[in-house]
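Below: the structure, in C-alpha cells.
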2 protein chains.
Amino acid sequence: MIPTITAFERSPDGGKGLARDTRVRWALEEVGQPYEVRFLSSARMKAPEHLAIHPFGQIPTYEEGSLCLFETGSIVFHLAERHAGLLPAEPDARARAISWMFAALNTIEPPVLDLTTARIFEADKPWAQQRLPLVKDRIRAVLDRLSAYLGAADWLDGAFSAGDLLMVSVLLRLRMSGILDEYPNLAAYVARGEARPAYARAFAAQFAVNAPA
Amino acid sequence: MIPTITAFERSPDGGKGLARDTRVRWALEEVGQPYEVRFLSSARMKAPEHLAIHPFGQIPTYEEGSLCLFETGSIVFHLAERHAGLLPAEPDARARAISWMFAALNTIEPPVLDLTTARIFEADKPWAQQRLPLVKDRIRAVLDRLSAYLGAADWLDGAFSAGDLLMVSVLLRLRMSGILDEYPNLAAYVARGEARPAYARAFAAQFAVNAPA
C-alpha cells in the first residue's frame, strides 16, 4: 500500500525545504517507501475535511489504509518502527535514538521557532531589533551543549537515526540566521545530513513543487 | 530493577508540580513502577557527571541498568512501551496516541513555554506588557483547535494514554495565566488528569520535596 502525505500547495519558504513535509519525505526516502502527496492550500488546511485528520489544520499528515497520523515526529517514528534504517535494533540504543527525536523537537526546536516568530511574525513590532539578541542567545544556550556533546562524531549516537533526521531538519532552520556557522561541527553535521542521497531526493521533490517559477 | 530518575533538589516552582520530573513520576505511578530519585542542585545539573547522562544539563533523566535516558517525552514513551496502561495495544490507536505525545510537546508546548519566557525571563524588558497579548493569542490559536477537537470527550482518543499524560502536563503550565479557564472543556480535561490517583501520588511526591518549609 502506497501511503499518502499532505504538503503545502506552495510552501511559504519558496522551496528551501523547511516545511515539515520535507522531514517526512526524507524519512520515506531513507526507508525506501514510495509515497503520494496531496497538496493543500492554506484555506483547505483549515477546512473540516483536513481538520478531521489534522486537529491543528497543518501539514504533513500520513494516511495508510485505516491509519491517519498527524505530527511530523510521530510520522517519522511510525516509519522508523516499521522499516529498517532509522532506529537501531539494540534496545538501549533504540531508546537513546528516540531521546534524540524528542530532544530535536522539544529542546532545540522551541527556541529555534522563536527566532522565526521574532523575525517574521513580530518583525514590525517596536521591540523587534532589541529583542533579537535575547532570542539568539537562547538558541546558543542549547547549541553550545549540542555542539559540545557531538564533538567530532558524525552522528548523535552511533549510526544515522531518526534522531539525526529530526535534529538536522531543525538545525536547517537556522542556516539563514548565520548562527549555525558559529558552530563548525554542527554546520558540518547538517551538511552531512544534506549530503545523504535520501535527503537530496526529498529536497528535490519539494523543490519541484515550491520553487519560484 | 528499580529505576532512578533525577529531579530538582528544590524546584523553582516551589512545589506546583510543573517541573518535568512530575511527568515522569506520573508515568511511573500509572504503570505501577517503583522508582528512586536523585536530587540535583542547579550547579550539579551542569557538572560533567550529569552532562554525561543529560547533554543539556537538565532534569529528569532515567537510569535503569545499562540504560540512561534523557528527555521527558522519550522516558514516558519508554515506560509506555514496556508496561501496560499508557498506550493502546491496537496498532492504529497506538500510533495515534504517539501522535498526541508529539502534539503535546511540539505543537502545544512551544507557545506555552513562550509565555514563561515572556512573563519571567523578559519580565523586566520594556516590551514585556505590550508583547504579552501576542504571546497569549498564539496559545489561544492552538487551544481553539484542541478544544474543538476534544469536544465533550474525556480523553484525546479513547482511553487515557501517554498522549493525555503529556497534554495535561503541558496545559497545567497555563493554569496561573487564566487562559485555561477560557476553555471549560480543556479545564475539565486537566482536572480529570489531576484527579487520577497516579497523578495525585506523583504530585504529592514532588510537593514533599519542593514545597516551602
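No value in this document is a laboratory result; all are computed from the given coordinates. Please read all numbers here as calculations on a predicted model, not as lab measurements. Note that we place each Cβ from the backbone using ideal geometry, even for glycine, and neighbour counts take in every protein chain shown.
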Rounded to the nearest angstrom and ordered from largest down, what semi-axes does the equivalent ellipsoid of chain B get from its C-alpha gyration tensor (root of 5λ)? 26, 24, 15
Summed side-chain charge close to A:Ala188 - residues other than A:Ala188 whose Cβ falls under 14 Å, Lys, Arg +1, Asp, Glu -1: -2
What's the average, rounded to a whole number, of partner chain beta-carbon atoms within 10 Å of each residue's beta-carbon in A:193-202? 0
Project the alpha carbons of the stretch B:70-155 onto their principal axes and report the range along each, largest first, in whole Å. 52, 33, 16
Percent antiparallel among DSSP beta bridges (both partners in the protein assembly as shown, rounded to 5): 55 percent
If the reach is capped at under 20 angstrom between alpha carbons, list the lysines near B:Lys136, excluding any in the same chain fewer than eight residues apart. A:Lys125, B:Lys125
Please give, to one decimal in nm, the separation of the simple spin-label points placed at B:Ser66 and B:Asp13, each 7 Å out from Cα toward the Cβ. 3.5 nm
Which FRET efficiency value, to the nearest 0.05, do you get for A:Met176 and B:Thr116 by plugging their Cβ-Cβ distance into 1/(1 + (r/R0)^6) with R0 = 25 Å? 0.40
Taking the label point 7 Å from Cα along the Cα-Cβ vector, the copy-to-copy distances for A:Val31, listed from shortest in nm with one decimal, are 2.2
How many nanometers, to one decimal and shortest first, lie between the label point of B:Phe207 and those of its other copies, if labels sit 7 Å from Cα toward Cβ? 5.7
The protein assembly as shown - Rg over Rh from alpha carbon coordinates, Kirkwood radius: 0.93
So what is the 222 nm mean residue ellipticity for chain A from helices alone, if each DSSP H run of at least 4 adds -39500 (n - 2.57) and you divide by all residues, rounding to the nearest 500 deg cm²/dmol? -15500 deg cm²/dmol
Checking a compactness column here: for the stretch A:1-69, what do you get for Rg(Cα) / (2.2 N^0.38 Å), N being the number of residues? 1.07
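For chain B, which DSSP H helices look membrane-span-like by this rule: Cα extent along the axis of 18 Å or more and mean Kyte-Doolittle of at least 0.0? Don't skip to the end; give the middle numbers.
Details: long enough: B:128-150 (32 Å, -0.10); B:197-210 (19 Å, 0.44).
Both cut-offs are met by B:197-210.
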Quote the relative contact order of the stretch A:91-196 in percent (integer), defining contacts as alpha-carbon pairs under 8 Å separated by 6+ residues. 37 percent
Expressed as a whole number of Å, what is the distance separating the alpha-carbon centroids of the stretch B:149-213 and the stretch B:75-123? 12 Å
Near the amide H of B:Val37, under 5 Å away, which other amide H atoms are found, from residues 5 or more places off or on another chain, if H is placed in the peptide plane? B:Ile5
Please find, in a Gaussian network model of chain B (springs between Cα atoms separated by less than 10 Å), the residue of B:Ser66, B:Ser177, B:Ser11 whose mean-square fluctuation is greatest. B:Ser66
Label-point separation (nm) for B:Ala159 and B:Ala128, each offset 7 Å from Cα along Cα-to-Cβ? 4.7 nm
In whole angstrom, how long is each semi-axis of the equivalent ellipsoid of the stretch A:141-213, when you take the square root of 5 times every eigenvalue of its Cα gyration tensor and sort them from largest down? 23, 15, 9
If each label sits 7 angstrom from Cα along the C-beta direction, how far apart, in nm, is B:Pro88 from its counterparts in the other copies? 3.3
